[in-house]
Amino acid sequence: MTDTMTRPQDSAVDPDRRAGMIKLASSSFLGNFIEWFDYATYAYFATVIAGVFFPSGDDTVSLIRTYAVFAISFIMRPIGAFYWGHFGDKNGRKETLLHSILLMSGASFLIGVLPGFDSIGLLAPGLLLVLRMVQGFSAAGEYAGAATFLSESVGPKRRGLAVALVPASTALGLMAGSAFWLFESSLLSSSAMDSWGWRVPFLLAGPLGLAAFVLRKHLTESPIFVDLQHSQDSNEETPLKTLVTKYPRPLINALGVCVLNAVGYYIVLTYLPTYLTDELNVDSTISGAATTTTLIAYVAFVLLAGAYSDRFGRKRVMLLGCGLFVLLSVPAFVLLGTGAVVAIFVAELGMAALLALNDGNLVSYVPETFPTEVRLSGFAVSFNFANAIFGGTAPLVATVLIKALGTPMAPAWYVTAIAAIAFFAVRSTHVRTDLSSNA
């Protein structure tokens, strides 16, 4: 095995191959953008959606039901991870991305045309639930499939930067969803928003998904996967069985590596606005501006972190990110606690930079921990289980800890503990920059 603690090398890329990688990067970016645009859209339009599908006479009850349907997408991710991991390691990375984008964008589009409770009664929330389940199921293959396909198609010298487009696209999707909500809420009346305005961003998933599908249809399958299929050592067992029986330690380590991404992403990029306004009584305009600025900076930080790992090695950068999170999470929350505008911006931007050291490399680092025969399974299972168990629950755990411990510093201690787990998981992980090797 080759350890990325050493500086990786790369081979020359011919023009046709480079053009193919640009198409792959574009389609991967677009697919994950759609996923997180939908995530943000559902969250920001939750109040409107609650009135359309869950009218109860009690706005709070309607909103709770809407968020309960939202949470279903996280429950479906581990199930989707098993399916897409098996499918991708048996049928190829290209086929995985073709099927996942159709399911994901199709479900989003159908939400946009779904009649409300007033038209079809209880069938409306029932169908909304089914479509959200399809979205969660398909999303489990989108992120892992894109990261694996890109990792296998780009040499180690450029892999970090190229694959960092995947997490960058998620942040841009969140920003686009937020911007779309602000745009419509400032222009449309309440009646227009209720009748058709909320549907527009979901309907956009149709043409965007079709564009991503067309791009992916013309991609060339991962050469590393093709070599495996043509070899005599091609995996004849179920990939998941092979993963669990032959590679349990890499799987456990990968799960440990992914927990910081899961908790850090949802704490830093989605929970902090609520934390600042509800726990620290910071003006919502300030907290919103800080979070928007942080999202923009995070995109740049992620790409820089990916490029940085191409120069200095992914394992070194991952360890740096985990270690700094352990050391600086508490000081960052102390800064937030001052309530000073400059301190809030510095703290959020600092945590975004630290998170990017992890997120910008995770997508290329985890594929380097598994051999080709179980690479997509290993990534899909570890990443989606970490996000389902730790990511989706992060805001809830943070809120419960604050109440139980009686201090607004509780989330900082939680993030510190999670970062320590990830640090030791990275330390225990062996990686290979030559992804064609099954040694």
- Note on the structure: The alpha-carbon center of the range 125-155 and that of the range 257-279 are separated, in whole Å, by 22
- Are any of the pairs Lys23/Lys241; Lys246/Lys315; Lys94/Lys315; Lys217/Lys246; Lys23/Lys246; Lys23/Lys157 more than 26 Å apart by Cα-Cα distance, and if so, which? Lys23/Lys241; Lys94/Lys315; Lys217/Lys246; Lys23/Lys246
- Specify, per residue and in Å³, the volume enclosed by the convex hull of the alpha carbon atoms belonging to the range 74-116. 70
- Task: Quick one: check the C-alpha center-to-center distance for the range 373-402 versus the range 79-96, whole angstrom.
- Result: 19
- Rounded to the nearest 0.05, FRET efficiency between Val200 and Lys246 (Cβ-Cβ, R0 45 Å) equals 0.40
- Note on the structure: In the chain, helical segments from DSSP H whose Cα atoms cover 15 Å or more along their own axis and that average at least 0.0 on the Kyte-Doolittle scale are 59-91, 93-113, 123-153, 165-187, 205-217, 248-266, 284-312, 314-338, 341-365, 375-386, 394-405, 410-428
- Task: Could you size up the charge dipole of the range 138-246 around its Cα centre, putting +1 on the beta carbon of Lys and Arg and -1 on that of Asp and Glu, and report it in debye to the nearest 20?
- Result: 260
- Task: Mind ranking Arg77, Arg93, Arg249 by accessible surface for me, highest first, 1.4 Å probe?
- Result: Arg249, Arg77, Arg93
- Task: Using only Cα atoms, locate the centre of the range 409-439 and the centre of the range 171-190, then give the distance between them in Å, rounded to an integer.
- Result: 35
- Query: Using 13 Å as the cut-off for backbone N distance, which residues of the range 372-390 belong to the label zone defined by a point 7 Å from the Cα of Glu237 along Cα→Cβ?
  - Reply: 373-374
- Any idea what the dipole of the chain comes to, in debye rounded to 20, about its Cα centre with Lys/Arg Cβ at +1 and Asp/Glu Cβ at -1? 860
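Mean projection of the alpha-carbon convex hull of the range 246-299 over all orientations, in nm²?
Dividing the Cα hull surface by four gives the mean projection, 4.6 nm².
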- Cα-Cα P(r), the range 293-439, percent of pairs per 10 Å interval: 11, 35, 36, 14, 4, 0
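Rounded to the nearest 0.05, what FRET efficiency do Ser119 and Ala179 have when you use their Cβ-Cβ distance and R0 = 45 Å?
Working: r = 30 Å, r/R0 = 0.66.
The value I calculate is 0.90.
The values are calculated or read from the model by the stated rules, or taken from the named source; none is laboratory data. Everything quoted here is computed from the prediction, not taken from an experiment. Because the Cβ atoms are built from the backbone with ideal geometry, glycine has one as well, and the counts that use them run over all protein chains shown. Each accessible area value is taken on the protein alone, full model and side chains, heavy atoms only, with ligands, DNA and RNA left out. Shrake-Rupley method; radii C 1.70, N 1.55, O 1.52, S 1.80 Å.
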